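The values are calculated or read from the model by the stated rules, or taken from the named source; none is laboratory data. Note that this is a predicted model, so its numbers are computed, not measured. Methodologically, a virtual Cβ is constructed for each residue, glycine included, from the backbone with ideal geometry; neighbour enumeration extends over all protein chains shown. These area figures cover heavy atoms from the full protein model, side chains too; ligands, DNA and RNA do not enter into them. Shrake-Rupley method; radii C 1.70, N 1.55, O 1.52, S 1.80 Å.
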Amino acid sequence: MQINRHFLQLSENYLFSEVAKRTRTFQAQHPDLTVIKLSIGDVSLPLPAVVVQAMRRACSEMGHRQTFRGYGPEIGYPWLRRTIVDFYRTQYGVKLDDDEVIVSDGAKSDLSNLLDIFDTKVTVAMCDPVYPVYLDTNLMLGRQPQFFRATVANNFLPMPSAEITADIIYLCNPANPTGVYYNRAQLKQWVDFARAHGSVILYDAAYACFINDPSLPRSIYEIEGARECALEICSLSKMAGFTGVRCGYTVVPKNLVTTDGISLNRLWQRRQSTKFNGVSYIVQRGAETVFSAEGLAAVERNLAYYRRNVKLIRRTLDQLKWSYVGGKHSPYVWVRCPGMRNAWECFDFLLQETGIVCTPGIGFGTAGENYIRLTGFNSYANTRLACQRLLALAQKKH
Ligand code: PLP
């Protein structure tokens with residue numbers, strides 16, 4: 001039996017299982033203490049009511065012969081793609097064609113499946129620390145990525161440099177795990193660099209919804225020239241609580257063509273229609289409602305809730321004088337381990353002293369060795385309790 005031996009290169013899902021194991025052990029030793037997970041990357045608020053109503057209606061249509069729907073278009077129903085195009089026009093001032101938006105079951109699948117349309121020999125570059133899916137999907141194909149490091153020295157926002165020679169460049173904006181974001185001028189440098197080098201940017205906009213400053217770019221297509229070099233991978237997961245429902249989309253501009261004139265849009269549509277049978281009708285009706293005026297208002301309310309949590313975390317870190325980045329226009333805060341601890345030591349310290357669970361930064365790459373990630377996705381009550389415990393800990397130490 002010949003297997004894909006590249007899979008053996010992947011590290012075990014050690015990080016999350018180890019976090020869970022240490023948390024379980026601690027909880028067993030302290031059964032009466034509320035353990036607070038400031039590690040969660042999942043949303044905690046339920047779906048907006050209007051979205052649930054739309055899915056209920058769609059579900060009931062499926063139970064009647066006249067309105068039942070079987071296989072839908074593999075790339076998404078035209079009314080949903082049109083709704084997304086309208087959203088880009090009204091919210092971002094970006095003009096897209098309906099067939100440049102290709103609906104999917106989420107960003108994770110698209111980020112990995114997109115690799116199908118590129119040559120096996122392409123080279124890739126990504127940030128360290130990084131969302132592990134970019135790395136693992138390339139390791140599975142036998143590729144060793146180049147890394148550009150996000151460190152204090154570059155304000156955690158690495159910029160293009162002569163060392164980056166890759167065909168594919170992953171950018172996540174705002175970034176997971178650091179929570180930092182590129183402004184227009186910085187993104188323009190990446191776009192210009194990609195165009196000058198003939199590289200393609202895979203732009204992960206899963207957290208674009210957290211940006212609430214119109215002077216910041218929420219889509220890479222707000223940057224001139226991006227239509228010639230970038231694909232934008234989007235998700236309703238964090239925006240509208242679709243982590244369990246599953247819906248996202250990727251924008252593949254028709255201007256994106258190879259030097260011999262082959263359209264990436266055509267290849268991606270071809271790939272999807274061969275290997276994917278589309279997102280369920282019920283989910284797509286829910287997704288359509290997310291972009292309605294009522295849906296967007298509900299989305300904003302939920303985002304405001306998470307933003308309030310992150311703001312509280314930042315304020316607490318300021319009081320503690322712990323250094324950190326992120327947490328503005330992002331649910332993530334990237335915290336330098338206090339007292340020269342490494343990531344796992346800091347994890348154990350916080351758990352033992354406060355019952356707070358964080359994510360050790362090392363799980364996102366070697367640049368995360370002395371960092372932990374905190375998130376604003378827990379409830380406000382729990383976030384507040386966690387912050388009180390952190391402040392009490394600081395008092396105790398003095
Ligand atoms: N991209 C980033 C940076 C993420 O952090 C996540 C999920 O946490 C995803 C993509 C996956 O999104 P989806 O739920 O749409 O698959």
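For segment 319-360, taking Cα atoms only, Rg and Dmax work out to 10.7, 30 Å respectively.
Among the protein heavy atoms, those of V245 account for about 40 Å² of accessible surface (1.4 Å probe, every chain in place).
Here the sum of -39500 (n - 2.57) over DSSP H runs of 4 or more residues, divided by the residues of the chain, equals -12000 deg cm²/dmol at 222 nm, to the nearest 500. Round to a whole angstrom and tell me the spacing of the C-alpha centers of segment 278-320 and segment 74-88. Result: 20 Å between the Cα centres. For the pair E222 and H197, a Förster radius of 22 Å applied to the C-beta separation gives a FRET efficiency near 0.55, rounded to the nearest 0.05.
Length available on full extension from T67 to V52: 0.36 nm per residue minus the Cα-Cα distance, which gives 3.5 nm. Working from label points 7 Å from Cα in the Cα-to-Cβ sense, the R270 to T243 distance is 3.7 nm. A Förster distance of 35 Å, applied to the separation of the beta-carbon atoms of D260 and E294, puts the FRET efficiency at 0.15. I'd like the trypsin sites (Lys or Arg not before Pro) in segment 303-398 restricted to DSSP loop residues with at most 14 other Cβ atoms within 10 Å, sorted by number. Those satisfying the criteria are K321. Surface calculation, 1.4 Å probe, protein heavy atoms: C358 sits at approximately 0 Å² accessible. How would you classify segment 68-140 from its alpha-carbon gyration tensor, with a ≥ b ≥ c the square roots of the eigenvalues: rounded for a/c under 1.5, else prolate if a/b is greater than b/c, otherwise oblate? Prolate. One equal scatterer on each Cα of segment 64-292, no solvent, Debye formula: the resulting log10 I(q)/I(0) at q = 0.10, 0.17 Å⁻¹ is -0.43, -1.31. Amide hydrogen proximity for I40: with H placed 1.01 Å from N in the peptide plane, the residues at 5 or more positions away or on another chain lying under 5 Å are T375. Exposed loop sites here are GluC sites (Glu not before Pro) assigned a DSSP state other than H, G, I, E or B and surrounded by at most 16 other beta carbons within 10 Å; excluding them, the longest clear run of the chain is 13-162. Taking only protein heavy atoms and a 1.4 Å probe, the accessible area of the chain is 52% carbon and sulfur. Overall form of segment 279-354: prolate. Here a/c, set by the Cα gyration tensor axes a ≥ b ≥ c, is 1.5 or more, and a/b is the larger of a/b and b/c.
Note on segment 64-292: antiparallel DSSP beta bridges, both residues inside, total approximately 40 percent of the bridges counted. By the Cβ distance rule (another cysteine Cβ under 4.7 Å), the unpaired cysteines of the chain are C59, C127, C172, C209, C229, C234, C247, C358, C387. Annotation: per residue accessible area for segment 64-292 equals 40 Å², rounded to a whole number [probe 1.4 Å, protein chains only]. Neighbours of G63, meaning other residues whose beta-carbon lies under 13 angstrom from its beta-carbon, give a summed charge of +3 when Lys and Arg score +1 and Asp and Glu score -1.
Ordering V357, V257 by accessible surface, largest first, gives V257, V357; the 1.4 Å probe counts only protein heavy atoms, with every chain in place.
Within straight cross-link reach of K37, meaning Cα distance under 16 Å, which lysines are found once same-chain residues fewer than 8 apart are removed? The reachable lysines, counting only those whose Cα sits under 16 Å from K37, are K21.
Count the DSSP beta bridges whose two residues both fall in the chain, then state the antiparallel fraction as a percent rounded to the nearest 5. Before the final figure, lay out each step's value.
Details: 19 of 36 bridges.
In the chain, approximately 55 percent of DSSP beta bridges are antiparallel ones.
From the Cα gyration tensor of segment 171-231, with a ≥ b ≥ c the square roots of its eigenvalues, which class applies: rounded if a/c is under 1.5, or else prolate if a/b is larger than b/c, or else oblate? Prolate, since a/c reaches 1.5 and a/b exceeds b/c.
As a calculated quantity, the FRET efficiency between E163 and A185 at R0 = 22 Å, using C-beta atoms, amounts to about 0.55.
Extension gain, C59-Q144: 0.36 nm per intervening residue step, less the Cα-Cα distance, totals 26.1 nm. Comparing mean-square fluctuations of Q186, Q29, Q319 from a GNM of the chain with C-alpha springs under 10 Å, the top value falls on Q29.
All distinct Cα pairs of the chain go into the 1/r average, and the inverse of that average, the Kirkwood radius, is 22.2 Å. Taking a straight line from the alpha carbon of K254, these lysines sit under 26 Å away, with near neighbours fewer than eight places off in the same chain left out: K95, K108, K121, K188, K275.
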